[in-house]
Amino acid sequence: MDENVSVVNSQDPAPQLVIFNPDFFVERLKHERPQVFTELVLSNITRLIDLPGDEFAQLTGEADPRLPTAHTGFLRSFNFLKRKDKGVVFGAPLTEEGIAQIHQLIEYLSKNLHVEGLFRVPGHSLRQAALREMLNAGTEIDLETGDFHPNDAATLLKAFLGELPEPLLTHRHYHAYLKIAELTQFDEKGNKTSVPDKERQIETFQLLFMLLPPANYSLLKLLLDLLYHTARNQHNNKMSAINLATMVAPHIIWPKHVQASDLQGNIKKLNNSVAFLIKHSQKLFRAPAYVKELARMHFKGSTTSQFTDGLALCGVGAHPSPSKRAGGAVTSTDGTTSSNTHTELALRELYQQVSSMPESAKKKKLIRQFAKQIPGTPLSDQQTLYSNRKHRRSRSFGGIRRRALGTQGPVEKSSSSLVTPGPSSSADRQEEEDSSFGWDSSSLKRMCFSPTQETSV
């Protein structure tokens, strides 16, 4: 029996499963349907931050990361070559075995959070060299003997992070982190303010962290938890979140082999981002509620409700629709369901929400997208003006409507509504279920909004 589940009322003919891990279905989706999981996460990331085609390709790994160019000299290059000659822990790719060794430092530091200047004051070089050698050798170390100082452990932890072949937060996510730092609130007139939009920032970080390699995710969670509790003891150690971020950011988020001058005006953004991660670390390592719900529904076998409820969770459902929803479909008076009607109503409701947004270039683009696909919108007569414009990552809105209806084949169009697909075999239904999450990221970026984010687009 999985440790995440438990059977209650075992004497009943059909015992009920209780899920203890709130992210159980998310983790299951990630392992059993990795492509579906990735598309789901990416679609919501692009809903929250605007990533151009090349930056999106870097995030997905389709293109190599484009990072700031380092102005290297002879001395800098020589020092880098010296750093490459490391052991199985320091300078090696991140592994679970390496994390197990470094965890000894983290555990020791968590018991010495009162030390003034922790992570700022350097330790003794000879003690650090001895400790490094023991960690590289895989030795289990008793740090409580007094042979080492907390500053030795903190300095060595920073050295370990700085000598990883790639930053802990990865090169692929670099541009996304810069965009998160730019997320701010809007005023009543739709103008951007200087007040950070913390809710959107937390949500985007949650999604990005779900795409990190498992080893990076594990160590980042341990590190941020340590820094969070260190900052909470700043009355003793004099290290606030921004002070800690200034010390740690170059080792976990800065691109490798660059100096401060190479980052131009982005240093403040990166440092503030790490300070934000420290302050809100207790919220970042959980899936957003709508991702949990979509993952749960994916394994419940309801092909008619997976996408429509997905629309609801992205914004439509946040404002109750005039239509009565029953399991993701509209129930008619004779007891039959009409997923077509539900989809039409949901799309028109979403159009009304877009129309109520403050005037902006993105709003106009969204209106044009609706005008292409939904008859009866004010701009539907002008759809030919934009028929030849295509984004490198966009797909037809009709494709999304076909997924909403749960059909893989072409859908016949009538003058007023879509034709309901006929009965399908169990194999077809399974294929529909597996592909029901196959949403295009850029299309969802243009279509899905949460009510609190409508003015942010």
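To keep it simple, each residue is scored yes or no on (1) in a strand (DSSP E or B); (2) at pLDDT below 95; (3) within 30 Å of V89 (Cα to Cα).
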residue	(1), (2), (3)
D147	no, yes, yes
N151	no, no, yes
T155	no, no, yes
L161	no, no, yes
G190	no, yes, no
S194	yes, yes, no
Q201	no, no, no
Filtering the range 39-52 down to residues that are farther than 13 Å from L294 by Cα and open to solvent by 10 Å² or more (accessible area, probe 1.4 Å), which residue is modelled with the lowest pLDDT?
-> P52
Among residues belonging to the range 111-143 that are touching a helix residue (DSSP H, G or I) at 6+ places or on another chain (Cβ under 6 Å) and among the polar types (S, T, N, Q), point out the one that is surrounded by the most Cβ atoms within 10 Å (Cβ to Cβ).
-> Q128
Go through the residues of the range 55-64 one by one and say whether even a single one is among the polar types (S, T, N, Q) and at pLDDT below 90.
-> yes
Could you tell me whether the range 185-192 includes any residue that is over 30 Å from Q128 (Cβ atoms) and in contact with a His (Cβ under 9 Å, 6 or more places away or on another chain)?
-> no
Looking only at the range 272-289, which residues are free of Cβ contacts under 8 Å to residues at least 40 places away in the same chain and open to solvent by less than 30 Å² (accessible area, probe 1.4 Å)?
-> V274, A275
Can you spot a residue in the range 172-179 that is open to solvent by 60 Å² or more (accessible area, probe 1.4 Å) and assigned to a loop (DSSP other than H, G, I, E, B)?
-> yes
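The values are calculated or read from the model by the stated rules, or taken from the named source; none is laboratory data. Bear in mind the structure is a predicted one, so any value in this text is a computation, not a measurement. Cβ sites come from the backbone with ideal geometry, for glycine too, and all protein chains shown count toward neighbours. In case anyone asks, the SASA skips ligands and DNA or RNA and just uses the protein heavy atoms, side chains included. Shrake-Rupley method; radii C 1.70, N 1.55, O 1.52, S 1.80 Å.
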